[in-house]
1. What percent does the relative contact order of segment 223-294 come to when contacts are Cα pairs within less than 8 Å and at least six residues apart?
2. Which value in Å does the Kirkwood hydrodynamic radius of segment 211-353 take, with 1/r averaged over all unlike C-alpha pairs and then inverted?
3. Under the rule of -39500 (n - 2.57) per DSSP H run of 4 or more residues, summed and divided by the residues of the chain, what mean residue ellipticity at 222 nm is obtained, to the nearest 500 deg cm²/dmol?
4. Give me the accessible area of Cys275, 1.4 Å probe, in Å² rounded to the nearest 10.
5. Considering Cα pairs under 8 angstrom that are at least six residues apart, work out the relative contact order of the chain and quote it in whole percent.
6. Can you compute the equivalent ellipsoid semi-axes for segment 303-390, i.e. the square root of 5 times each eigenvalue of the Cα gyration tensor, sorted largest first and rounded to whole Å?
7. Bins of 10 Å, beginning at zero and ending with the bin holding the largest distance: percent of Cα pairs per bin for segment 30-137, please.
8. Heavy atoms only, probe 1.4 angstrom, no DNA, RNA or ligands counted: give me His70, His340 ranked by accessible area, highest first.
Amino acid sequence: MAGQVAFGKYYFPREKDENRIWRRLKRGSHLLLLAPRRVGKTSLLRHLESQPKEGYVFLYNIVQSCPSVHEYYKCIIDNLFRSEFTNKLSKLTQWSTEKLNDLKTSIKGLNISEAGIEFANQEQLLTHHDLKAVLEKIKINQKLIIVIDEFPDVLEKIHTEHGQAAAEQFLAGCRELVQEPSLDQNIQFIFTGSIGLDSLVNKLNLSDLINVLMTVTVTPLTTEKALTFIDFVSTEDKENLLLSNEIKLYLLERLGWFMPYYIETLVLSVEDHCCENDITCPSQQDIDIAYEQLFTQNYLSNFNHWAERLNRLEKSEQRFAYESLNHIAAHGEITLSDLHNIKASPTNAAVNTSYVIDCLKHDGYIFENGDDAFEFTSPMLKEWWRRHAAR
Ligand SMILES: Nc1ncnc2c1ncn2[C@@H]1O[C@H](COP(=O)(O)OP(=O)(O)OP(=O)(O)O)[C@@H](O)[C@H]1O
Ligand SMILES: [Mg+2]
């Protein structure tokens, strides 16, 4: 369903991206999966988790709401001991209950049960040393892949709430785990999230700490795959709604950027329009109407997260982002010299403009078109922006 992580039979295979990740994992790399919002990172990772290659087992963690180092490690350790994961391990290793109980005592002062972690001393703060202690004890014949979803969120929160030194310490701890020789043979990490972690760490001057990770991404579908995906997400029976190849291609052309979420959004709008008007073979004009419909009140929430992204920037950064995006919406692109001009305005003097542009790139707003200029990633987004910014 549009908007929710696509699981099981709702997951559309993305073999190229999946295989690239597997190749990197097999080389023993720790990965940083960076891609804009809504492109399908979580769906892809959860798919790898549920259908791992022989010899691999995944522990998936969503750490988005962890505001401190302690909460971050508590979340991961908690997931490690949830039956969802321990059952998987027991199956692979035929572990006895004693062995599991022994594992649970690897961290002093913790009482771990299905209900969660309890601390003997409420003041106790978990760190990477605690996770390391548990991981060192998990001796299995499989590679354990620890997925950390929404990692940049945590870093950003720690930075805002506890300052630069805390952010630095947090990343240093993560790096220590990644590089720990005693874990190296058995454990690999995949960090992921939608804020550009690289632009964030550049801004915070912490980039050396993530250099040990290998970057991967999620790519748009090819035209051929995108055509198949239209059928995959269509909920209407063929008798009720027939999309010819030509119409499908036209629909894709209107989107410009072949990411599942956006294709699905437009397909649903087409279905709504056709079903409500008894149309079985939509024409290009019907696609146009369905496309227009996306910008009406009932559908606008599809774009909420785009607006939210910008709200996270500081006020002055936001103003610069608006100016740049308005320029692209009006002229189709923004060249480096246009950017230079906007930068030169006194109101933008203090703005870290390359950081903002990096954020817009990572959030999936814009891409570099090869002519030293940036464009919107999709005409649909551009259209929304024109209307959104004008409001
Ligand atoms: N492989 C896929 N098969 C089917 N639908 C998909 C697939 N990937 C993404 N989608 C669609 O896109 C939506 C967003 O996917 P997902 O939540 O995995 O993206 P994300 O990159 O993790 O987003 P966010 O950055 O917001 O966490 C899903 O709700 C689903 O509708
Ligand atoms: Mg996600």
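1. About 39 percent, as a whole number.
2. 18.0 Å is the Kirkwood radius here.
3. Counting only the DSSP helices, I get -16000 deg cm²/dmol.
4. In the full protein context, Cys275 sits at about 60 Å².
5. Reported relative contact order: 18 percent.
6. Semi-axes (√(5λ), whole Å): 18, 16, 12.
7. The percentages, shortest bin first, are 12, 41, 34, 13, 1.
8. Accessible-area ranking of His70, His340, largest first: His340, His70.
The values are calculated or read from the model by the stated rules, or taken from the named source; none is laboratory data. Predicted, not measured: the structure shown is a model, and the values here were computed from it. As a convention, Cβ positions derive from the backbone with ideal geometry for all residues, glycine included, and neighbour counts pool all protein chains shown. When the accessible area is computed, the model is the full protein with side chains, heavy atoms only, and any ligands, DNA or RNA have been set aside. Shrake-Rupley method; radii C 1.70, N 1.55, O 1.52, S 1.80 Å.
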